[in-house]
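Chemist: Pasting a structure below so you can have a look.
The values are calculated or read from the model by the stated rules, or taken from the named source; none is laboratory data. In this text, all values refer to a predicted model and were calculated from it rather than measured experimentally. When we count neighbours, we look across all protein chains shown, and the Cβ atoms used for this are built from the backbone with ideal geometry, even at glycine. The protein model used for the area step is the full one, side chains on, heavy atoms only, and it has no ligands, DNA or RNA in it. Shrake-Rupley method; radii C 1.70, N 1.55, O 1.52, S 1.80 Å.
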Amino acid sequence: MAVLASACWPESTADQIPPPLPGFVSSSFSPIVAEVAKRALRRVPQRGPEVVTAVVVVSALGDVASAAQVAEAVDTGGRVWPLMFFQSVPNAVAGHVAARRALTGPIVSVCAPEAGIEVAALLLEDGDADEVLVAEVDLEPADGAGARGAAVLLGLRARSGLGGAA
């Protein structure tokens, strides 16, 4: 496999709060996935509409900030927002990224980085995708402070004229 592009959060001191992501509230998990995906995909200049790109989201604990909010609401007899269930499923943001970026490959969520790379390799080797965007995000427990994320776009071979991965 070849690395076609990469990105991370934060990349600079300007990365304090991830850009808001419509439909995803109260947590930085999904906005960070979307931001690192956007950054990595923009760093590959030669992507045509015929390229099939899969999305793999990797997170050991998932969106712990949303899970903590849901748990608090349940514990106190409060109401759980319908959006909270939607956004607590990692495939939701993967689907959002795929729809927003017109990606047509499979969508997968796993909990270990090694599994993410294995899934990417299988999708490429089986011909299910021409490239695989693997995005990993993990939040600090409960509040999401210090969240970090990374994305890597993988293919079987580096494209000519790519200019190097970022």
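Chemist: Taking amide H positions as placed in the peptide plane 1.01 Å from N, state which residues far from Ala2 in sequence (5 or more) or on other chains have amide H under 5 Å from it.
Modeler: Under 5 Å from the amide H of Ala2: Gly155, Leu156, Arg157.
Chemist: Next question. Of the candidates Gly78, Gly155, Gly127, which one comes out as most mobile in a Gaussian network treatment of the chain with C-alpha springs shorter than 10 Å?
Modeler: Largest GNM mean-square fluctuation: Gly78.
Chemist: Scanning the chain for trypsin sites (Lys or Arg not before Pro) in DSSP loops with at most 10 other Cβ atoms within 10 Å, what's the longest stretch left with none?
Modeler: Between exposed loop sites, the widest span is 1-78.
Chemist: Which entry in [x] 51, 34, 24; [y] 57, 36, 27; [z] 61, 24, 23 matches Cα extents along the principal axes in Å derived from the coordinates of this structure?
Modeler: [y]
Chemist: Angle between the Cα long axis of helix 90-100 and the longest principal axis of the chain, 0 to 90 degrees, nearest 10?
Modeler: That works out to roughly 50 degrees.
Chemist: Carbon and sulfur: what percent of the chain's accessible surface (1.4 Å probe)?
Modeler: After summing per-atom areas, the C and S share lands at 58 percent.
Chemist: Between the helical axis of 113-125 and the dominant principal axis of the chain, each derived from Cα atoms, what acute angle in degrees is found, rounded to the nearest 10?
Modeler: The helix 113-125 is inclined about 40 degrees to the chain.
Chemist: Using just the helices of the chain, give the 222 nm mean residue ellipticity in deg cm²/dmol: DSSP H runs with n ≥ 4 each add -39,500 (n - 2.57), and the total is spread over all residues, rounded to 500.
Modeler: -10500 deg cm²/dmol
Chemist: Could you give me the ³J(HN,Hα) list for the range 32-45, computed from phi with Karplus coefficients 6.51, -1.76, 1.60 and θ = phi - 60°, whole Hz, x at Gly and Pro?
Modeler: Values, residue by residue: 6, 4, 4, 5, 5, 5, 4, 4, 5, 5, 5, 8, 10, x Hz.
Chemist: Next question. Mind ranking 11-22, 61-72, 87-98 by how tightly packed they are, going by the mean number of other C-beta atoms within 10 angstrom, highest first?
Modeler: 87-98, 61-72, 11-22
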